[in-house]
1. Taking a 1.4 Å probe, which of B:143, A:130, A:283, B:240 shows the most accessible area, and what order do the others take after it?
2. Tell me the relative contact order for segment A:6-107 as a rounded percent, counting alpha carbon contacts under 8 Å between residues six or more apart.
3. Give me the net charge of residue A:131's neighbourhood, meaning all other residues with Cβ under 12 Å from the Cβ of residue A:131; Lys, Arg count +1, Asp, Glu -1.
4. Please work out the C-alpha center-to-center distance from segment A:9-25 to segment A:135-174 and express it in whole Å.
5. May I ask for the distance between the Cα centers of segment B:110-178 and segment A:60-94, given as a whole number of Å?
6. Which of A:165, A:224, A:206 sits closest to the plus end of the dipole of segment A:88-237, meaning its Cα is farthest towards the positive end, when Lys and Arg get +1 and Asp and Glu get -1 on the C-beta?
7. About the Cα centre, and with charges only on the beta carbon of Lys, Arg (+1) and Asp, Glu (-1), how big is the dipole of segment A:187-247? Nearest 20 debye, please.
8. About the Cα centre of segment B:107-223, what is the dipole size in debye to 20, counting +1 per Lys and Arg Cβ and -1 per Asp and Glu Cβ, all else neutral?
Amino acid sequence: MNSSSIYYFDGKTSAPKSAKFEIKRDELWIYIVNNDNFTEEKDNELYVWDIKDCESESSNSQQRYTVYYGDFPKQQIQFNGSEYPELVALFLRKKGRLNSLYTKIVHGTRGWHILVGVIIILCSSWLYIRYLSPWVGEKLSLLVPKHLEERLGNASVNGILNFGPLDSLKSNQLKLFMDELNLVKDYDVKAYYVNSEVVNALAAPGGHIVVFDGIMEKIDCYDQLVALLAHEAAHVNNRHSLKSIGRSVSAYLILSAITGDVAGSSGVLLEQAAQLNQLSYARKDETQSDEIAILELHKLGLDPSAMMNLLDKLEQQEKLDSNLVLTSLNEMEFLKTHPITKNRIENLRSKSERLNTVAEYHPKLDSLYHLLKMKSIY
Amino acid sequence: MEEILNQNESVEFAPNQERKFIRFFGKGSSFFGILILNFILTVVSLGLYYPWAKAKLRQYLWNETELEGSRFCFHGTGKEMFKGFIISYFFILLFYIGYFASISQTMENPIVFFVVLIVFFVFLVFGFYPFAIFFGWKYRVSRTSWRGIFFHFTGDFKSFYKMYIKYLGITILSFGIGSSWLSTNTQKYLFSHTQLGSLKLDFHGDGGDLFITRLGGFFLSYITLGFYLPVFIKNLFHFRINHTTISDGKIQRALKTELTGKQSFNVLFVNFLLLIFSLGLAFPFTQIRSYRLLLNSIEIPSDIDYDHIDQQPGAYNKATGDEMADILDIDLDF
Ligand SMILES: [Zn+2]
């Protein structure tokens, strides 16, 4: 076939027929040109197409421009688009805005288009990862029914108990201590005291609060224990761990749907970015819990600076540990999950000073605290 | 290059002995542009635009592929593919729910987790895959035309499933060795029930050949630290193409690929570097490079009459009448 001719296909066979066309108002008139015995007098085969029922498709070089007409069998003409610009313009106008945008992209993409595209991709990925996906994830996590949340909590506590043996006596004492404070709303508190050197405390979904022996050693006054528990209780009340699961699932779920078969390799990259983002959201949760803990201390008539004392102590320990290379790796777990910055402590200090708390002595808490501090008998 | 190619083609059909190749004219930059627009619209619509994006992508790729001076056309629409998209999304969601429901049981009772995993695996392999392979192929084929002639798939799911289960059983019992036969017979089933109008496709590959190709390929790729991989890919492509035949009712001829190990190595190696240094953003360009290499290497038999292929009555209608065909259209390689 010659590229500068028009060909007509009738939809019944693949035989190409040379053709000519004319645009008459809203119609496309296609004449079949018989090469062998073409005579002016003889009536040529003629097809009249309603332009509004035509669909068109073109290649990037516009060498092959195809116009389809009818349902089935579809008739079509094929021509070189660059030789019939008026016809191309006609069909481009007919397409909707979006479709003609696609056609323009196919016809000619330049270097700067690609640059703009890359920038748009990077910006929208960032917006998506930073704001949209965490938002969707948190909303999704709120749909999780309570009994499932408690199941999840049980599973993670069972995982945590691998760190060391559960001290059931101290767990009961811890529960009594917490009941005195009444920090957790909506959930039954389940307290776990683990005999392990790990310096950490954590809140699992569904009201499970775990305290390790390691962090208890660092605490030297009952109000610091209240600060720690108030912080963890804030995690429980605000469903932080469930939200964090929701955020990572939504990042993964939606990203895999969007990138799908489009980009395998960049999908991995985006996932990495989502992971990093996860950390910054975790930090946000920490700050929120600290602030709530201070308010709780204030409400209980305890000195809010107990929170800062606890953080200071942990921070000093961290500095000490970084000088001593000998410390075991999991020694400072609390700091990994609860990173302490100067900023964080300063903010808390100024907030707590504004509260003007009048601190009182709580004999019952103090005696329960002393029970917890006693060396356990194995 | 296009001009030179076009001059060699004549309007009238004449049984000449010129060699004919499939031509792919896709450009990395256009492809990139389409992907970006698709990406933006998909993100803005929270993923719902995905089926429409897929339709646009296919329309482009089909339209840049040429056989005997005419381009292919993809007639599928986002609206049709949306149903399949929703269904597969539902399955993914189901998997996640099952996964998280069972993970909460893991510590207390590890058996539950394994049972859920096995049920899901069985469902995937025995139900979802054959369904997706069959109807995905049927959908794609019935929405593809060339010179107004539609491709046409005549297989029925029952006989396909029988074949699939038989070879899946062999694969499982032989600890995976049978997968070469499963793959070969799947292609054989799909191709032998596919025609372009009156032109019939078929596949004559043998599972044993594929097994030997794969065995050697895995082994040599492993001991050469992956440097044999391009040759392995070339061999697999040769197996797929060289055993594919087309017949116009009078004669049956095989396709042929001229792909060499060296070409395969060059394209793969450069693609690899491009992807690494662009952090994956060169993906559209590497993809087009691969398509170009593979498609342009395919030689089509020159003594088949491409100008007298007849439309099969009802080829298109039959496909649209069948709701199942629209349901699943997932990109799976058999
Ligand atoms: Zn915390």
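1. A:283, A:130, B:240, B:143
2. Details: 156 pairs, mean separation 23.8, N = 102.
Contact order relative to length: 23 percent.
3. +1
4. 71 Å
5. Computed from Cα coordinates, the inter-centre distance equals 38 Å.
6. Among A:165, A:224, A:206, the one farthest towards the positive end of the dipole of segment A:88-237 is A:206.
7. Values: 5 positive and 7 negative charges, 96 e Å.
It works out to roughly 460 debye.
8. On the way: 10 positive and 5 negative charges, 97 e Å.
The dipole magnitude comes to about 460 debye.
The values are calculated or read from the model by the stated rules, or taken from the named source; none is laboratory data. What you see is a predicted model; the values in this text were computed from it and never measured. Here the Cβ is made from the backbone with ideal geometry for all residues, glycine too, and neighbour counts use every protein chain on show. Heavy atoms of the whole protein, side chains included, go into the accessibility calculation; ligands, DNA and RNA do not. Shrake-Rupley method; radii C 1.70, N 1.55, O 1.52, S 1.80 Å.
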